[in-house]
1. Just one of Lys34, Lys95, Lys45, Lys57 is surrounded by 10 or more Cβ atoms within 10 Å (Cβ to Cβ), modelled with pLDDT of 80 or more, part of a helix (DSSP H, G or I) and on the phi < 0 side of the Ramachandran plot; which is it?
2. For the range 173-191, give me the residue count where each residue is open to solvent by 90 Å² or more (accessible area, probe 1.4 Å), at pLDDT 75 or above and not basic (Lys, Arg).
3. Hey, can you tell me all the residues within the range 93-112 that are within 18 Å of the chain's Cα centre (by Cα) and either basic (Lys, Arg) or over 30 Å from Tyr83 (Cβ atoms) (or both)?
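The values are calculated or read from the model by the stated rules, or taken from the named source; none is laboratory data. Keep in mind it's a predicted model, so treat the numbers as computed, not measured. We place every Cβ from the backbone using ideal geometry, glycine too, and count neighbours over all the protein chains shown. SASA here: full protein model, heavy atoms, side chains in, ligands and nucleic acids out. Shrake-Rupley method; radii C 1.70, N 1.55, O 1.52, S 1.80 Å.
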Amino acid sequence: MKGFTAAELAEMQAADEEIDREFDAAYAHCEEQKLIDKWVDELVKIDTLDARTLHRKNKQDKYAKAYYESHKDELAAKKKAYYESHKDELAAKMKAYYESHKDELAAKKKAYYESHKDELAAKMKAYRESHKDELAAKKKAYRESHKDELAAKMKAYRESHKEQRNAYQRKYYQKSKRRKQHVLSNKIQKEAS
């Protein structure tokens, strides 16, 4: 057998490398295409499942709504009866929940207030303006029904803050006295001139 020359061997090796490169490129493209196809198939399956689930949920929601509408009074009576028979239990659960989540609830409340401060102030102002007479009547009724209690609180406050009140009155009296003296001296000066 005749052997191949060095040039022929180099040429055969270059051809083999070229064939390998073409095969690898075609194979890699096929593998990429297979991965893409698999991914698209999974997306379609997920979309199909979601559509089915969504359809089932919509169907259940329609049924539940229709049932509620036709049995509204009966369900309300059952709910009220349950609440009445388990009132203490439910109150204890709510209190326990509040106690265990007190900081979290306070933070949420504060954040809500901070983000809606102007809106809440406007609502309260509008409410006070539209219910001015009603609020004044409630305030007056409260004062009338708690007259003795409020008088006792006021007396206790005055007794406990006696020194502060006296200091304020002395300060105010001195300012008032100086003002009167200043007004009188201005009057006298005007009359003299």
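1. After ruling out the rest, the residue left standing is Lys95.
2. 3
3. Listed by number, the residues that qualify are Lys102, Lys108, Lys109, Lys110, Ala111.
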